[in-house]
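Following: one structure in structure tokens, then a few remarks.
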Amino acid sequence: MRIFVTGGAGYVGSACLRLLLAQGHDAIAFDNLSEGHRLAVPEGRLIEGDIRDTAALAAAMKTHGAEAVMHFAAATYVGESVTNPDHHYGNNIGGTLSLLRAMREAGVARMLFSSTCATYGDNPEPPMNEEAAQIPCSPYARTKLAVEWMIRDFAHAYGLGYTILRYFNASGADGDGEFGENHEPETHLIPLLLQVALGQRDKLMLYGDDYPTPDGTCIRDYVHTDDLASAHLLAIAATTPTTAEVFNIGTGNGQSVKQVHQACEDVTGRRIPLQVVARRPGDAPALVADPTKLKTRLGWTPRYEDIRATVQTAWAWHQRYPKGYADKAARK
Ligand SMILES: NC(=O)c1ccc[n+]([C@@H]2O[C@H](COP(=O)([O-])OP(=O)(O)OC[C@H]3O[C@@H](n4cnc5c(N)ncnc54)[C@H](O)[C@@H]3O)[C@@H](O)[C@H]2O)c1
């Protein structure tokens, strides 16, 4: 299938792109490299462009002969969404509106959308299935929920088959330690802990240990990028021009910040100092997937269900490329 991958130079999008290519699909990334990395994309598979540029998108889709879109491109920093909602609403909602218009113009009638567990937000009942109430508690999560509705409304009015994938926390790196997480600034827990283990930071700031969870720290469901990518391949194969589906992608196992910290100390064999500070706005206490629907309907089987195995892959990447893709570029 010819697949157009917005945000295909980013952390999750590039993992999907590489798997699509490995499985024989003709996939191409469309990314403005605001957060993504050229070296995360195989040679000749990147179109540099901004999804808010409808004409450029439509032209690129036509040239590629796109049959389906996987839409990863977005502003993703929760903290930034609180201080700069203009950017998040403009990029995520404005950008997706531009994409949907370009898809209509180019006659592309199938898409996957990267939504998030953060749309469940303050829902107090983990694990969450797809019917759980969506109570987003950050501007970022509200943009994602708004986009879910935008896609449904476009599908209803103009005809579009879609699958919304609500990811829990993407984590890990590819098995060879060649591709992994590299955000600037880094805000995700596992890379932050591993940066402390590497001596790049003094300590991990732990935002709140007074949440209503067993050890007081926030609980998340860490799903490996390889497993996210395999879910996307199953989902795109099942998406026809009339599909209207939603799936959670998570392991079903919640890990508290303290448990992930312990896993990182065990894997690295290094002590990782913590400092407890005040809660951050926008953090929900516990977000854990019920992935039953994805497993039973699409036959998804995650390869990584043990947090230590996931951390091991991330550690291999961070050890090999402590400065991420900048190190990779310097060694070329
Ligand atoms: N990482 C997670 O844990 C997680 C969890 C839930 C949902 N998601 C969603 O998955 C998607 C991918 O997340 P990620 O962690 O890979 O983020 P990322 O920042 O690594 O990737 C996003 C990519 O989109 C590109 N991009 C952003 N705005 C763009 C624009 N206007 N035009 C073109 N390209 C643009 C960036 O350069 C980047 O390469 C996002 O939509 C995110 O909201 C991620």
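The set of residues in the stretch 97-122 being without any contact (Cβ under 8 Å) to a residue 60 or more places away in the chain and either surrounded by fewer than 21 Cβ atoms within 10 Å (Cβ to Cβ) or of a type in the set (Lys, Arg) (or both) consists of Leu97, Ser98, Arg101, Arg104, Glu105, Ala106, Gly107.
Exactly one residue out of Leu204, Leu193, Leu165 is touching a Phe, Trp or Tyr at 6+ places or on another chain (Cβ under 9 Å) and either at pLDDT 95 or above or surrounded by 22 or more Cβ atoms within 10 Å (Cβ to Cβ) (or both): that is Leu165.
Scanning the stretch 34-56 for residues being surrounded by 18 or more Cβ atoms within 10 Å (Cβ to Cβ) and of a type in the set (Lys, Arg) gives a total of 1. So in the stretch 114-145, with the set limited to residues that are out of contact with any helix residue (DSSP H, G or I) (no Cβ under 7 Å at 6 or more places or on another chain), within 15 Å of the ligand (Cβ to nearest atom) and assigned to a loop (DSSP other than H, G, I, E, B), which one is modelled with the highest pLDDT? The residue in question is Tyr120. Within the stretch 6-23, if we keep just the residues that are under 21 Å from Asp53 (Cβ atoms) and in a loop (DSSP other than H, G, I, E, B), the residue that is farthest from the ligand (Cβ to nearest atom) turns out to be Gly8. Elements of the type helices (runs of 4 or more DSSP H) sitting completely within the stretch 280-332 and holding at least 3 residues that are among the aliphatic types (A, V, I, L, M) and more than 18 Å from the chain's Cα centre (by Cα): these cover 325-330. Which members of the stretch 33-90 meet the condition of being of a type in the set (A, V, I, L, M), within 13 Å of the ligand (Cβ to nearest atom) and assigned to a helix (DSSP H, G or I)? Leu39, Ala40, Ala56, Leu57, Ala60, Val78, listed by residue number. Looking only at the stretch 150-183, residues that are assigned to a helix (DSSP H, G or I) and away from the ligand (no atom under 16 Å from the Cβ) come to 7 in all.
The values are calculated or read from the model by the stated rules, or taken from the named source; none is laboratory data. The shown structure was predicted, so the numbers you read here are calculated from the model rather than taken from an experiment. Backbone-built Cβ (ideal geometry, glycine too); neighbour counts: all protein chains shown.
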